[in-house]
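The values are calculated or read from the model by the stated rules, or taken from the named source; none is laboratory data. Remember, it's a predicted structure, so these values are computed and weren't measured experimentally. Glycine also receives a Cβ, built like all others from the backbone with ideal geometry; neighbour counts cover every protein chain displayed. Note: areas computed on protein heavy atoms with side chains; ligands, DNA, RNA excluded. Shrake-Rupley method; radii C 1.70, N 1.55, O 1.52, S 1.80 Å.
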Amino acid sequence: MPLCSAMAALIAQAVGRNAGPEAKSRPSNRTFEPLSVVAAAVEAQAPREFLEPVVRRLASFPGVMVGAAIVMDERRGRLRWEVVCGPPRDRLEGLETEVGDGFAGWTARVGKPLVITNPVADPRSALMRRLGLYLTALATHPFEAGGQVAGVLLVGSTSHPQLEAGVLQELAAMGRLSGLAATVCGLKAGSGEQSRRVRALLETIRLFNEPLSLKDKLVRLVDTTTNLFDLRACCISTPTEVEGTLRVRAARGLPPVQLPVVRTLTAGAAPSSLIRTLAGGEWATLADFPFGGGGEADGSLSVGDRDRVLASDQEAVLQAFAAIAGAHIAADNHRAEQDVLVEEVLTAFGMVLQARDVAEYEHARQVADHCEMMATALQLPPDAVTDIRRAGFLHDIGKLAVPAPLVQKAANLSSQEMMLLRRHPLIGAAIVGSFAVLGRLTPSVRHHHERYDGKGYPQGLGGHEIPLGSRIISIAEVFDGMLRDQPYRPGRSISEALAELRLQAGTQFDPELVSLFARHWETQTVTRDAGPAVGEFTQAASLLPELTSRELEVLTLLGRGLTNQELAETLQLSTKTVKTHVSSILQKLQLSDRTKAAVFAIERGLTATVPRS
């Protein structure tokens, strides 16, 4: 079945395998993120629906001022500028041009990408000049469906002499992925058995957007594959560090075993031989489909059937399932690597903040804790909670570009001083956006001083135009600021700070988030309030000013003997975040392990202040 074979190849290309040298040189921090964009796009019924987020993504890169998706109209033999992001949108969107006309037209006709560093001097710039579009650098990349050019992606700058390598690599990746989405849109029009297989493939692609563990995603994929082809056995395995051994990640039709499990292969045996080894008996079919679709030995989907031999059209679809399985595993590996890199970047920023102003550093940590609490209470996916926490920590990073005396003054500012101070969200967004691994945090940092009534800055956004992360940060930042002593006033109590938040709900702050935040603090046993109701905890907390309130909670529960998993469940955090808090506590208190931290908490009477829930 040629279409399914083409789809298998496209998916393999989409995950960066057998896609040419430019895919292998792509920075690891952006290799797999676009898959989630296309996973959302498979619902699309028309090209615009999946191309719009693709173009928005490309246009968000530093230095890119114009992004566009130009779609081929095969019936009329013309190109339509379907989606445009950037100043020329009104002039370009909906425009029809000839195939071969201009840079995009050349790419559509030849089917090859272009990178131009001086477009005005190029003979193909005539169309650009007619449209009044004067770019200093541009690049194009075709995307294909069914072996034919279906359209062209274009990015350009009006200020940079050339586009960064990361932009070009992302453009190539998004070109391949747009082709995958275009292919899926075409396949959805099929019927019968082909349509059933395509729907099953779509379900496994949609798993990229599901807040599931990798194990659960692979189990779902194995179940879908087994049911679709009525197989007797199916498993997904990857090689381990030990030569000749495989880790079985998910399986169906094999004896019950706790997965993942490591098994040793007979010398020279294929991965599918594990099916015979584990299940025994005779098999008419034992077949392996490497993740890469081209024989790469980084894992495979193995299938078995005792009675039937697979048909060639079934093999093509199974190869597509294998490519998707490999993409899931690679994306998970990428996220783990990216998390390590992000934490290293955050640690570096933290060290800079500490060196400049310890109080500002502690404020950043406390705001991050409050952001995490609100995001968790909203039941956002774990990745979203982590992003909002990180954005909370970095929200004022732009103040590094503002003179320290001005930041510390923060009252009785002149109009010029106020204008300079108000630049810090934009500066912060530029700093955060310059790190590819932090790019998705940029909107939350940029807009954390917007107001719910639209009277904030830098853009005067209002209501739900303001990113959710920014609305959360604005509450967390002001709340923690009110609790702290300032040169011009003493710190307020928690009850006073909550009253002020309620007073400003609906004007400065999102009223629903204020209610959620206030409910949390009113039901907390552990608080930082200076009132007499806090009792022993306040006394202990006053002796540990270096710990944030969340760290105090973690330390207290460590003293009660909770494991990391129990801490995560009690505080509604991820185990990864709990580990970060524990490490921070040990470092700040100069303790060598969690046992000593527990003893520390008991000796200072912390364990009597928080009931174990």
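On the given criteria, is ARG263 more than 30 Å from LEU380 (Cα to Cα), in a helix (DSSP H, G or I) and open to solvent by 50 Å² or more (accessible area, probe 1.4 Å)?
When the stated conditions are applied, ARG263 does not pass them.
Which is free of Cβ contacts under 8 Å to residues at least 24 places away in the same chain and open to solvent by less than 40 Å² (accessible area, probe 1.4 Å), of GLY67, GLY151, GLY94?
Within the list GLY67, GLY151, GLY94, the selection yields GLY94.
Having 3 or more residues that are modelled with pLDDT under 85, open to solvent by less than 30 Å² (accessible area, probe 1.4 Å) and within 29 Å of ARG440 (Cβ to Cβ) is the bar; report the helices (runs of 4 or more DSSP H) wholly within the stretch 450-565 that clear it.
In the stretch 450-565, the matching helices (runs of 4 or more DSSP H) lie at 549-559.
In the stretch 413-429, which residues are in contact (Cβ under 8 Å) with a residue 24 or more places away in the chain and over 16 Å from SER470 (Cβ atoms)?
Within the stretch 413-429, ARG423 is the sole residue that qualifies.
In the stretch 383-430, which residues are open to solvent by 40 Å² or more (accessible area, probe 1.4 Å), at pLDDT 85 or above and part of a loop (DSSP other than H, G, I, E, B)?
ARG422, ARG423
Which pairs turn up if I take residues in the stretch 305-318 that are more than 15 Å from ALA284 (Cα to Cα) and look for partners that are open to solvent by 30 Å² or more (accessible area, probe 1.4 Å) with beta carbon separation below 7 Å, at least 6 apart in sequence or on another chain?
ASP313/MET1; ALA316/MET1; ALA316/SER5
Can you tell me how many residues within the stretch 398-445 are in contact with a Pro (Cβ under 7 Å, 6 or more places away or on another chain) and at positive phi?
Qualifying residue count for the region: 0.
Limited to the stretch 566-591, what total is found for residues that are at pLDDT below 80, open to solvent by 60 Å² or more (accessible area, probe 1.4 Å) and in a loop (DSSP other than H, G, I, E, B)?
Of the residues in that region, 1 qualify.
Looking at (1) part of a loop (DSSP other than H, G, I, E, B); (2) over 27 Å from SER574 (Cα atoms), which is the only condition LEU380 fails?
Only one criterion is unmet by LEU380, namely (2).
Confirm whether GLU144 is surrounded by fewer than 16 Cβ atoms within 10 Å (Cβ to Cβ), under 25 Å from PHE50 (Cα atoms) and in contact with a Leu (Cβ under 9 Å, 6 or more places away or on another chain).
no
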